[in-house]
Amino acid sequence: MDEAPGLSDQYRTASPWPVFIALGIPISELGLLFGLFPLAVGGLLLFGGSVVGMLSESGYVNSTMWASVVFSVLLFAFGSALAFTEVNLVVRGYATIAAAALLVVGGVVFELFVREQRDAF
């Protein structure tokens with residue numbers, strides 16, 4: 001009798017991304033709620049990078065750069081709505097826009113430098 005029926009050795013049993021997504025959401029919410037710029041940016045980067053990593057690992061996207069660009073556009077739209085409306089949420093909007101810009105930079109750097117090193121081995 002097999003101890004783990006239906007499981008193959010070629011598949012990993014767990015992915016680390018859901019834990020980072022679960023941490024990124026409350027960290028970014030705390031930063032946005034209390035107006036703490038670095039905490040909000042860091043939480044949004046953790047959340048966005050984890051979503052892009054999960055999509056890449058599962059095979060839904062071929063390029064992490066384009067996935068991070070699309071997620072950054074969504075963040076930029078949300079941040080613009082916060083920053084440039086009549087509601088007094090300017091610092092929160094700027095934090096979201098900064099996280100969107102850093103996520104694009106991180107996706108481009110990963111695609112250009114880290115991907116080449118991984119493919120070389």
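The values are calculated or read from the model by the stated rules, or taken from the named source; none is laboratory data. Because the structure is a prediction, the values reported are computed rather than measured. Counting neighbours? That spans all protein chains shown, and the Cβs are built from the backbone with ideal geometry, glycine included.
Annotations
- Some residue of the range 2-10 being of a type outside the set (A, V, I, L, M) and either modelled with pLDDT of 85 or more or within 23 Å of PHE113 (Cα to Cα) (or both): no
- Filter result (surrounded by 19 or more Cβ atoms within 10 Å (Cβ to Cβ) and either among the aliphatic types (A, V, I, L, M) or without any contact (Cβ under 8 Å) to a residue 40 or more places away in the chain (or both)) within the range 83-97: GLY93, ALA95, ILE97
- Filter result (assigned to a helix (DSSP H, G or I) and either surrounded by fewer than 18 Cβ atoms within 10 Å (Cβ to Cβ) or free of Cβ contacts under 8 Å to residues at least 12 places away in the same chain (or both)) within the range 28-50: GLU29, LEU30, LEU33, PHE34, PHE37, PRO38
- In the condition set (1) over 25 Å from ALA14 (Cα atoms); (2) touching a Ser or Thr at 6+ places or on another chain (Cβ under 9 Å), ALA67 is compliant with all but (1).
- When VAL61 is tested against (1) surrounded by fewer than 16 Cβ atoms within 10 Å (Cβ to Cβ); (2) part of a loop (DSSP other than H, G, I, E, B), just one condition goes unmet, and that condition is (1).
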